[in-house]
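Trainee: One structure follows; several queries about it will come next.
The values are calculated or read from the model by the stated rules, or taken from the named source; none is laboratory data. Keep in mind that this is a model prediction, so the values were computed, not measured. Using ideal geometry, Cβ is built from the backbone for each residue, glycine included, and neighbour counts are taken over all protein chains shown. Side chains included, ligands, DNA and RNA excluded: accessible areas come from the protein's heavy atoms. Shrake-Rupley method; radii C 1.70, N 1.55, O 1.52, S 1.80 Å.
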Amino acid sequence: MVLSFGLTDFASSGFIKASIMNKKIAIIGGGNLGTAIAEGLLNSGFSLPEHILITKRNIKTLSALEKRGVLISDNNEEAVRFADMVVLAVKPFQVDDILAKLKPLLNSERHVLVSVITGVTIGHLLKAVGKKLSVIRAMPNTAIAIQESMTCLASHDANSDQIAYIEDLFNQLGKAVWIDEKLMDAATVLGACGTAYAMRYIRANIQGGIEIGFDAATASLIAAQTVKGAAELLLKKGSHPEQEIDKVTTPKGCTIAGLNEMEHQGFSSSLIKGIVASYDKIEKDS
Ligand SMILES: NC(=O)c1ccc[n+]([C@@H]2O[C@H](COP(=O)([O-])OP(=O)(O)OC[C@H]3O[C@@H](n4cnc5c(N)ncnc54)[C@H](OP(=O)(O)O)[C@@H]3O)[C@@H](O)[C@H]2O)c1
């Protein structure tokens, strides 16, 4: 199901905000992603600390969140009893055992199950819980740690309030878009592997910058801020990359000379081939 209707205005109304603040969230799996989600919800003010309960088996590593007032536990059942929304942030091979224990407690009238687990489908989750349930699959990226994730979302049996709530939640952690679940592998490549591709592009800029005279620290700053500014131009103005390129390319100038040399060396083609290679690898392994 593709859900792309504009719920943001509705979701940001006072009525929805009030209900959002009262919702309780359990995060099962307080690792990299689980703690980043909890921190993002706290930093943005979206959730009160006492409305978040985060679990893992070794809870010592959750002390920083505990100091901020977040509830911590090594008991997943307790977390499900506490929460309206249950976020699964464990490794794929752990999900079946965890859901087998939680399924008697999951209640379709109350709970929304949100999974950020790569490669585990909504169908798989529903089979594991063995009952009708609102399920959301989310694919964020590592920038969720600084509330700048791109998160692709797909839903099953969620009502409009739940959709608005989830959209608002992930918009606190960056930007969110609803997609058809069959595009989740493509979302993994473009949105999650995409962070690594962008890092390589920036690294190459740094290497080039050093060769033309900058020290590494200055080259890193210039490369990263320039890429951030370029991305912001597209996001804020809604323009096409080529329109922005036209503004930088003077006839017979240095920018077009560099760009054309990059294309002669296969720049766009190698990126596209890399994206397709990542996608083919997921398809082959699934
Ligand atoms: N990192 C990313 O940027 C990213 C992006 C998109 C999707 N994902 C997906 O998100 C999931 C989590 O990734 P991650 O990087 O956060 O992994 P991670 O750091 O290994 O976190 C998983 C956590 O689950 C906990 N855990 C294991 N068994 C548990 C149990 N029975 N009950 C409660 N907690 C349990 C582990 O802690 P204990 O061992 O102490 O229990 C661990 O802290 C993965 O499926 C990954 O594919 C990650």
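Trainee: Which lysines have a Cα less than 17 Å from the Cα of K247, not counting those fewer than 8 places away in the same chain?
Mentor: K236, K237
Trainee: Is the range 179-237 rounded, prolate or oblate when judged by the Cα gyration tensor, a ≥ b ≥ c being the square roots of its eigenvalues, rounded requiring a/c under 1.5 and prolate requiring a/b larger than b/c?
Mentor: Details: a/c = 4.71, a/b = 2.06, b/c = 2.29.
Oblate, because a/c is 1.5 or more while a/b does not exceed b/c.
Trainee: Pairing the Cα long axis of helix 216-237 with the longest principal axis of the chain, what angle in degrees results, from 0 to 90 and rounded to the nearest 10?
Mentor: Orientation of helix 216-237: about 70 degrees from the principal axis.
Trainee: Ratio to report: Rg/Rh of the range 21-60, with Cα atoms as the point set and Rh obtained by the Kirkwood method; give two decimals.
Mentor: Over the Cα atoms of the range 21-60, Rg/Rh equals 0.96.
Trainee: Over 25 Å between C-alpha atoms is what I'm after, so list which of K24/K131; K24/K228; K60/K175 land there.
Mentor: Working: K24/K131 22 Å; K24/K228 34 Å; K60/K175 31 Å.
Cα-Cα > 25 Å for K24/K228; K60/K175; rest within.
Trainee: Here's a follow-up. Against the globular-protein guess of 2.2 N^0.38 Å, express the Cα radius of gyration of the range 121-164 as a ratio, rounded to two decimals.
Mentor: 1.36
Trainee: Semi-axes of the equivalent ellipsoid of the range 21-179: what are they in whole Å, largest first, if each equals the square root of 5 times a C-alpha gyration tensor eigenvalue?
Mentor: 21, 19, 15
Trainee: Hey, what's the Cα Rg ratio for the range 208-258 versus the globular rule of thumb, 2.2 N^0.38 Å?
Mentor: Ratio of Rg to 2.2 N^0.38 Å for the range 208-258: 1.33.
Trainee: Still on this structure: For the range 153-217 and the range 23-51, what is the separation of their Cα centres, given in Å?
Mentor: 19
Trainee: Another one. I'd like the distance separating the alpha-carbon centroids of the range 105-129 and the range 134-149, in whole Å.
Mentor: Value for the Cα centre distance between the two parts: 16 Å.
Trainee: Would you please put 167-176, 64-73, 135-144 in order of how densely packed they are, using the mean number of other Cβ atoms within 10 angstrom per residue and starting with the highest? Can you show the working numbers first?
Mentor: On the way: 167-176: 21.0, 64-73: 16.3, 135-144: 23.2.
Result, highest mean Cβ count within 10 Å first: 135-144, 167-176, 64-73.
Trainee: Of all DSSP beta bridges located in the chain, what percent are antiparallel, nearest 5?
Mentor: Of those bridges, close to 15 percent are antiparallel.
Trainee: About the Cα centre, and with charges only on the beta carbon of Lys, Arg (+1) and Asp, Glu (-1), how big is the dipole of the range 64-184? Nearest 20 debye, please.
Mentor: 220
Trainee: Pairs of alpha-carbon atoms within less than 8 angstrom and 6+ residues apart define the contacts here; what relative contact order does the chain have, in percent?
Mentor: The normalised contact order for the chain reaches 15 percent.
Trainee: Continuing with this model, one more query. State whether the range 130-199 is rounded, prolate or oblate according to the following rule on the C-alpha gyration tensor (a ≥ b ≥ c being the square roots of its eigenvalues): a/c under 1.5 gives rounded; otherwise a/b larger than b/c gives prolate, and the remaining case gives oblate.
Mentor: Oblate.
Trainee: If I build a Gaussian network model for the chain, linking alpha-carbon pairs within less than 10 angstrom, which residue out of L235, L113, L62 has the largest mean-square fluctuation?
Mentor: For the chain, modelled as a Gaussian network with Cα springs under 10 Å, the answer is L235.
Trainee: Based on Cα coordinates alone, diagonalise the gyration tensor for the range 180-286, multiply each eigenvalue by 5, take square roots, and list the semi-axes in whole Å, largest first.
Mentor: Numbers: eigenvalues 154, 61, 48 Å².
After diagonalising the Cα gyration tensor, the semi-axes are 28, 17, 15 Å.
Trainee: Out of all Cα-Cα pairs in the range 233-286, roughly what percent, to the nearest whole number, are more than 17 Å apart?
Mentor: The answer is 58 percent, as a whole percent.
Trainee: As a test of the formula, what do you get for the chain when each DSSP H run with n ≥ 4 contributes -39,500 (n - 2.57) and the sum is divided by the residue count, at 222 nm and rounded to the nearest 500 deg cm²/dmol?
Mentor: Using -39500 (n - 2.57) per qualifying helix, the result is -15500 deg cm²/dmol.
Trainee: Another question about this same structure. Which of these, Q225, Q243, Q162, has the largest mean-square fluctuation under a Gaussian network model of the chain (Cα springs below 10 Å)?
Mentor: Q243
Trainee: Given bins 5 angstrom wide, list per bin the percent of all Cα-Cα distances in the chain, short to long.
Mentor: Each 5 Å bin holds this share of Cα pairs: 1, 5, 10, 14, 16, 15, 12, 9, 7, 5, 3, 2, 0, 0.
Trainee: If r is the Cβ-Cβ distance from H264 to D97 and R0 is 45 Å, what FRET efficiency results, to the nearest 0.05?
Mentor: 0.25
Trainee: Could I ask something else about it? Rounded to the nearest whole Å², what accessible area per residue is found for the range 18-77 with the 1.4 Å probe?
Mentor: Roughly 46 Å² per residue, with all protein chains present.
Trainee: While we're here: If you build a Gaussian network model of the chain, linking Cα atoms that sit under 10 Å apart, which residue out of C152, C254, C193 swings the most?
Mentor: C254
Trainee: Please quote Rg/Rh for the range 35-78 to two decimal places, taking the Kirkwood radius as Rh and restricting both calculations to Cα atoms.
Mentor: With Rg and the Kirkwood Rh in hand, the quotient comes to 0.94.
Trainee: Of the heavy-atom accessible surface of the chain (probe 1.4 angstrom), what whole percent is carbon and sulfur? It would help to have the intermediate numbers written out before the result.
Mentor: Working: 9290 of 15850 Å².
Roughly 59 percent, rounded to a whole number.
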